[in-house]
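Heads up: the structure comes next, in C-alpha cells.
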Amino acid sequence: MAAEAQTAGSVAPRPRGASGTEGLSQREMDFPTVEDLRLRTRRRIPKFAFDFVAGGCGENLTVARNRAAFDAIEIVPRYGKGSLAVSTKVELFGQSYAAPLGMSPIGLGGIVWPRMEQHLARAAQAANVPYTLSTPASTAIETIGALAPDVFWFQLYAAPGDDFRISRDMMRRAERCGAKVLLVTIDTPVRAKRPQDMRNRLAVPFRPNLRTIFDIACHPAWLLEVARHGAPKCENFAAYAEAGASPDALAGLVQRELRGGFTWDAIRRLRDAWPRAMVVKGILDPRDAELALAAGADGIVVSNHGGRTFDGAPAAIDMLPAIKAVAGDATVLLDSGIRSGLDIVRTLALGAKAVMTGRPFLFGVGALGAPGGSHVLDILIEETRMAMGQIGASDLAEVAQAAVRHNNK
Ligand SMILES: Cc1cc2nc3c(=O)[nH]c(=O)nc-3n(C[C@H](O)[C@H](O)[C@H](O)COP(=O)(O)O)c2cc1C
C-alpha cells in the first residue's frame, strides 16, 4: 500500500461510497487512525517502553499543549470546484517527495519494537518520504543508508565531551551513505527530567524491579521479538567507544554526555563541514530562527521535541507564524503533535513547507510490527488528501493560501 503513496502524489483520493468504508482492508478498518495504533501499542508492549516513548518531560504539559493548540485551529473551507484531483508532492532541498511529511529522528526506538529503524526506513523509501536517523538510534548509519538511499536524512547531537572529531566522523559516514540533509538538534542543552521513566526504573544500567519483570512477562510477543533480535543499543557509537565496551557502558555514555546544545559557533563549524542541506531542529523563538539562518542553515524545524525537553515550552504550532515571518526563503518544517492529515494541512496552511512526526510511526510499528510504518503513512497521506479536497486545495501551494483561524484570529 505504501508503494501507492509514491504515485499518490498526483492522483485523486481513493473513491469511497457514502459510508466511506468500501474497498478498505481489514487493517484500515481495525486501525483507521493513529490513535487506534497508539492504543494497540499500549496493550502490546511493556509499560516502561510505552511510557518512555509516549510521554514527555515533567508533568506532560507541553505534550498536552501541542494537542490543544492543533485542536483549536480551524480552516475555512472553500467550495465550488467540484471533486478535485489532489497532489501532495513537495520539493525539499532540491528533491521531490511524495508527501509533505517526514519521519522525525527517534533515539532508541528499538525499545518499542526491535529493528524499528529498519522497518521505518524501508517504509519511507517505498513511499518516497524523508526518513531521519537519530544519532542515538539503535541501527547504524551504514545500514540505513543501504535501506533508504533516496530518502535518508541524518540527525546530529553533540558528541560526548563535545568532541568535534566524532561529530565530523559521523557526518562523513552519513555523507558517504548518501544522507541528503543534516538535521542539527539544538533544543536539548541539558537532560530533561522524565518522572515516569524514573518511576518505571528506566535507567542505565536497567535494573527492573519485580513489577517491571511481571510487566515484561505479560507481553510475550514483545519479549519474543527482543529475545530474537537482542536489546536495542546505540549502534552509531560503537566505533568511538573503548574496545569491548558493554551495551550498558555505551548507553551510559550516551545518556550522560550526548546533548543537543550546540552553540551558534559550533553550528557554523558544522555548516562548513557539511556539503549538503543543513537544517536546525528545535527552534521556537523567531530570534533563534534568524540566528540559525545567519549561521548558514538552509532550513529550520520548528519543534519542542514533542514535549520531551521543556515542560514550559509553547506549542510548536503556535510559534510557527512568527518564525515563518522572519524565515524569508528558507525552508520551514515543523514537528511536535502532528497526529492526522488534518494536522498536516493545518500546519501547511500556517506556513510550513512540510511536517515531520515521531511518535505516530513508533505506534504504527508497536501495533503492527514491520508493516506499521507504511500503514501510518497511508493513514496520514490519505487524510491529508481528504482534507485538501475538502478545503478546495488541489496542491500544497493552494493549501498555503487557505483561510485559517488560529489563536482566535
Ligand atoms: C522516544 C523519542 C526519542 C526521540 N529521540 C530524538 C533524538 O534522538 N533526536 C532528536 O532530534 N529528536 C528526538 N526526539 C524528538 C523527535 O524527533 C520529534 O521532535 C518529536 O517526536 C515530535 O513530536 P511528535 O512525537 O509529537 O510527532 C525523540 C522523540 C521521541 C518520542
For the stretch 137-145, does any single residue satisfy the condition of being open to solvent by 30 Å² or more (accessible area, probe 1.4 Å) and at pLDDT 95 or above?
-> yes
Scan of the stretch 89-119 for residues that are more than 8 Å from the ligand (Cβ to nearest atom), small (G, A, S) and either modelled with pLDDT under 95 or assigned to a loop (DSSP other than H, G, I, E, B) (or both), ordered by number = G94, A98, A99, G110
Every residue from the stretch 155-180 that is open to solvent by less than 20 Å² (accessible area, probe 1.4 Å), among the small types (G, A, S) and assigned to a helix (DSSP H, G or I) = S167, A174
Would you pick out the residues in the stretch 365-403 that are within 15 Å of L342 (Cβ to Cβ), charged (D, E, K, R) and open to solvent by 40 Å² or more (accessible area, probe 1.4 Å)?
-> E383
Scan G94, G58, G82 and give me the residue that is free of Cβ contacts under 8 Å to residues at least 60 places away in the same chain, over 16 Å from the mean Cα position of the chain (by Cα) and over 19 Å from R339 (Cα atoms).
-> G82
Subset of the stretch 233-252 [open to solvent by 50 Å² or more (accessible area, probe 1.4 Å) and either in contact with a strand residue (DSSP E or B) (Cβ under 9 Å, 6 or more places away or on another chain) or at pLDDT 70 or above (or both)] | K233, E235, A238, A239, Y240, E242, S246, D248, A249
Would you check if F164 is more than 16 Å from the ligand (Cβ to nearest atom), at pLDDT below 90 and at negative phi?
-> yes
Restricting to helices (runs of 4 or more DSSP H) lying wholly in the stretch 1-79: which have 1 or more residues that are aliphatic (A, V, I, L, M), open to solvent by less than 60 Å² (accessible area, probe 1.4 Å) and at pLDDT 95 or above?
-> 34-44, 47-54, 61-71
Mind checking whether some residue in the stretch 131-141 is assigned to a helix (DSSP H, G or I), among the polar types (S, T, N, Q) and either closer than 13 Å to G178 by Cβ or touching a strand residue (DSSP E or B) at 6+ places or on another chain (Cβ under 7 Å) (or both)?
-> no
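A quick yes/no check of all residues on (1) part of a helix (DSSP H, G or I); (2) in contact with a Cys (Cβ under 8 Å, 6 or more places away or on another chain); (3) within 14 Å of the ligand (Cβ to nearest atom):
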{"site": "G328", "(1), (2), (3)": "no, no, no"}
{"site": "R339", "(1), (2), (3)": "no, no, yes"}
{"site": "L342", "(1), (2), (3)": "yes, no, no"}
{"site": "L348", "(1), (2), (3)": "yes, no, no"}
{"site": "F363", "(1), (2), (3)": "yes, no, yes"}
{"site": "A367", "(1), (2), (3)": "yes, no, no"}
{"site": "V376", "(1), (2), (3)": "yes, no, yes"}
Scanning the stretch 181-219 residue by residue, those hydroxyl-bearing (S, T, Y) and either out of contact with any strand residue (DSSP E or B) (no Cβ under 7 Å at 6 or more places or on another chain) or open to solvent by 20 Å² or more (accessible area, probe 1.4 Å) (or both) turn out to be T188, T212
Six or more apart or on different chains, Cβ under 6 Å: which pairs go from a residue in the stretch 394-409 that's assigned to a loop (DSSP other than H, G, I, E, B) to one that's modelled with pLDDT under 95? Could you list them?
-> S394/L84
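The values are calculated or read from the model by the stated rules, or taken from the named source; none is laboratory data. Model, not experiment: these values are computed from the prediction. We place every Cβ from the backbone using ideal geometry, glycine too, and count neighbours over all the protein chains shown. Areas reflect the complete protein model, heavy atoms only, side chains present, ligands, DNA and RNA absent. Shrake-Rupley method; radii C 1.70, N 1.55, O 1.52, S 1.80 Å.
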